[in-house]
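Comments concern the structure below.
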Amino acid sequence: MDQEPLDKPQVSEATQESQPWFHGRFDMEEGGIERVTDDQRQQNTTKFWNAATFWLSANMAVATLNIGSLGGSLGLGFWDCFIIILVVNLASDLLPAWTATVGLTGLRMTTFSRYSFGYWGNMLVVIFSMIATTGWNAINSISGASVLNALSDGRFPTWAGVIVICTSVWIICALGISWIHRLDTYIWIPPLIVWCVAAGTGASSFTSEPSKHLQGANKAAAVLTYMASIFSFSVSWVNCAADYNVRMPANTQRWKIFSATYIGIFVPTVLVQSLGAAMYSGVVTNTAWKDAYTSSAIGGLLKMALEPAGGFGKFLMVLAALSAIPNNIPNNYSFALHVQNLGPWAMRIPRVILVTFGFVVSVIVGCFAAIYFDDTLQTLLSVIGYWTVIHITVVMEEHFIFRRGWDSYNWDAWNDVVGLPFGWAAIGAFAFGFLGAALGMKVTWFAGPIASLIGKSGGNIGHELTFAFSSIVFPVFRWIEKRCGGL
């Protein structure tokens, strides 16, 4: 009788029974938010260029096109929109590029935040991250579903498109990070082809004329509100950018991750948002374009732009709709990681179950949000942007003012209540930051007292005031916290 090799690892029956049914199958990711140590990264490593292709795929999407079109709806002309898109992205894309380097610590972003927000204060980050990812999941799905709705002349309802897109995203996210990086290496190419063709076939209907003739304070208000939307779209990646780099080799240089991420976000975002602004300009001079936008939003505009391409244009619209899938992967995948930061009980729930829960919630929210899409889009963009500003401000001030480098962190304390600050300083900064947001915000249903002073309808300066309030308060509160014996 043949004997088993002596060096073959033995797995007990108890261990086998405790392992999930998918253990060892489909190359499915089984871990959670546990820190990925240096030796663990020697297997299934991720290449640094995946940091670029991942974001190329995530941002080469119809939702990016939709964000670009918002400037025209506010009354801005194409060149005004283009300048805002370029300038705001040049600055704001630096933030997720920096947080992407956090992944080299082996920690996900909402877990790394514990070192600045504290174990308990970080619950604010977790809750708002869950809300943000669910909201973006819904918005991005609706953007893709609107294209399918326009393609079918309304016969394929938006809610059905939401279900199709969210289900596709769920399957990929359930498989995990290895499959995500494999797919994202290539799936940014089809939508790039779509946007290039749409720019060519629709160019004859584009114009630089604004939809409204704004002047003075009213134009300033429109510019500020559009800047807020563009900024919110870019910084929304701050809360999850690190999650996809935790398997990078430990000796990967940070500037490579930073540069790859910046390019991966900046290039597609500027190109596609600019195309969205150009497409909206078609409603200024063309009644058919205006009717298409009224009936199917951005999907209607894309249909008009691709109409000269005939049957090939319809095929391209399907590809455009499917671009919502890689656009939503960061949201559904990171949702599970956010939830696991709620405590030890949450860490015991398999990641696949949490991904599934996030999928179900996103479908429900997306189907209802589709009814009030325009109001939902602008409101959610603003609220997400406000809290994300507080998040990145606190994390960066903790890092550069109090930690002064990566070597000052005790990485073994990532899940230790005693080894982490409580978070009083961050909680205080959070409260004051939202006070600034309340004073300067401009959304569909509310305009803050300071925002109301800009133009007739108000201008959104909530992000600026949020940053000012939180950035001033946190260092003071953090100094007091440390002086009173805090970590």
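The values are calculated or read from the model by the stated rules, or taken from the named source; none is laboratory data. From a predicted model like this one, the values you see are computed outputs, not experimental measurements. Glycine also receives a Cβ, built like all others from the backbone with ideal geometry; neighbour counts cover every protein chain displayed. The protein model used for the area step is the full one, side chains on, heavy atoms only, and it has no ligands, DNA or RNA in it. Shrake-Rupley method; radii C 1.70, N 1.55, O 1.52, S 1.80 Å.
Starting from the alpha-carbon convex hull of the range 205-244, give the projected area averaged over all orientations, in nm².
Directional mean of the projected Cα hull area for the range 205-244 stands at 4.6 nm².
Order R35, R114, most accessible first, counting only protein heavy atoms with a 1.4 angstrom probe.
R35, R114
Ordering V339, V197 by how much accessible area each has at a 1.4 Å probe, largest first, what is the list?
V197, V339
Can you tell me what percent of all Cα-Cα pairs in the chain are more than 37 Å apart?
Cα-Cα pairs in the chain separated by more than 37 Å: 27 percent.
Can you pull the accessible area of K256 for me, 1.4 Å probe, Å² to the nearest 10?
70 Å²
How much of the accessible area of the range 117-247, in percent, comes from carbon and sulfur atoms when a 1.4 Å probe is used?
That fraction is 70 percent.
Add +1 for every Lys or Arg and -1 for every Asp or Glu among the other residues with Cβ under 10 Å from the Cβ of G106, and state the total.
Around G106, the surrounding residues sum to +2.
Mind checking which lysines have their C-alpha under 21 Å from K256, skipping anything on the same chain fewer than 8 residues away?
K47
Expected output is a single nm value to one decimal: the length gained when fully extending between M347 and E30, i.e. 0.36 nm times separation in residues minus the C-alpha distance. What is it?
Result: 112.9 nm gained on full extension.
Given the protein chains as shown and a 1.4 Å probe, how many square angstrom of K303 are accessible, to the nearest 10?
60 Å²
When only alpha-carbon atoms are used, what values of Rg and Dmax, in angstrom, describe the range 284-438?
Computed over the Cα atoms of the range 284-438, radius of gyration and Dmax are 22.0, 65 Å.
Largest first, how would W55, W49 line up by accessible area (1.4 Å probe)?
Accessible-area ranking of W55, W49, largest first: W49, W55.
Rounded, prolate or oblate: pick one for the range 129-230, where a ≥ b ≥ c are the square roots of the eigenvalues of its C-alpha gyration tensor, a/c under 1.5 means rounded, and failing that, prolate if a/b is larger than b/c, else oblate.
prolate
Could you compute how fast the range 120-166 diffuses translationally, taking Rh as the Kirkwood radius over C-alpha pairs and applying Stokes-Einstein at 37 °C with viscosity 0.692 mPa s? Give it in µm² per second.
The estimated diffusion coefficient comes to 280 µm²/s.
Would you please give the FRET efficiency between I193 and T285, computed as 1/(1 + (r/R0)^6) with r the Cβ-Cβ distance and R0 = 35 Å, to the nearest 0.05?
The formula returns an efficiency of 0.85 here.
Can you give the accessible area per residue of the range 150-219, in Å², using a 1.4 Å probe?
Ligands and nucleic acids excluded, the result is 51 Å² per residue.
Give or take rounding to whole Å, what are the principal axis extents of the alpha carbon atoms in the range 49-157, in descending order?
50, 35, 30
For the range 244-341, what is the convex hull (Cα atoms) projected area averaged across all directions, in square nanometres?
9.2 nm²
For the chain, what does the helix formula give at 222 nm: sum of -39500 (n - 2.57) over DSSP H segments with n ≥ 4, over the residue count, nearest 500 deg cm²/dmol?
Counting only the DSSP helices, I get -21000 deg cm²/dmol.
In whole Å, how far is the Cα centre of the range 400-465 from that of the range 224-238?
If you average the Cα positions of each part, the centres end up 15 Å apart.
What is the extension gain from R483 to A413, computed as 0.36 nm multiplied by their sequence separation minus the C-alpha to C-alpha distance, in nm to one decimal?
23.1 nm
Pulled fully out, how much extra length does the chain show between Q42 and W120, if you take 0.36 nm times their separation in residues and subtract their Cα-Cα distance?
24.8 nm
For helix 462-483, what angle does its Cα long axis make with the longest principal axis of the chain, in degrees from 0 to 90 and rounded to 10?
Roughly 20 degrees between the two axes.
Between F315 and W49, what is the label-point separation in nm under the 7 Å Cα-to-beta-carbon projection?
The modelled label-to-label distance comes out at 2.8 nm.
Evaluate the range 188-311: find the radius of gyration of its Cα atoms, find its Kirkwood radius, and give the ratio Rg to Rh.
1.08
Nearest 10 degrees is fine. How inclined is helix 216-235 to the longest principal axis of the chain, computing both from alpha carbons?
So the helix axis and the longest Cα principal axis differ by about 30 degrees.
Against the 2.2 N^0.38 Å scaling, with N counting residues, where does the range 392-487 land? I'd like the Cα-based Rg ratio to two decimal places.
1.34
If one takes the longest principal axis of the Cα atoms in the chain, at what angle in degrees, from 0 to 90 and to the nearest 10, does the Cα axis of helix 311-322 lie?
The two axes meet at around 40 degrees.
Ignoring ligands and nucleic acids, what accessible area does E34 show with a 1.4 Å probe (Å², nearest 10)?
Roughly 80 Å² of E34 is accessible to a 1.4 Å probe.
Among the listed pairs K212/K303; K212/K290; K290/K442; K219/K290, give every one whose C-alpha distance is greater than 19 Å.
K212/K303; K290/K442; K219/K290
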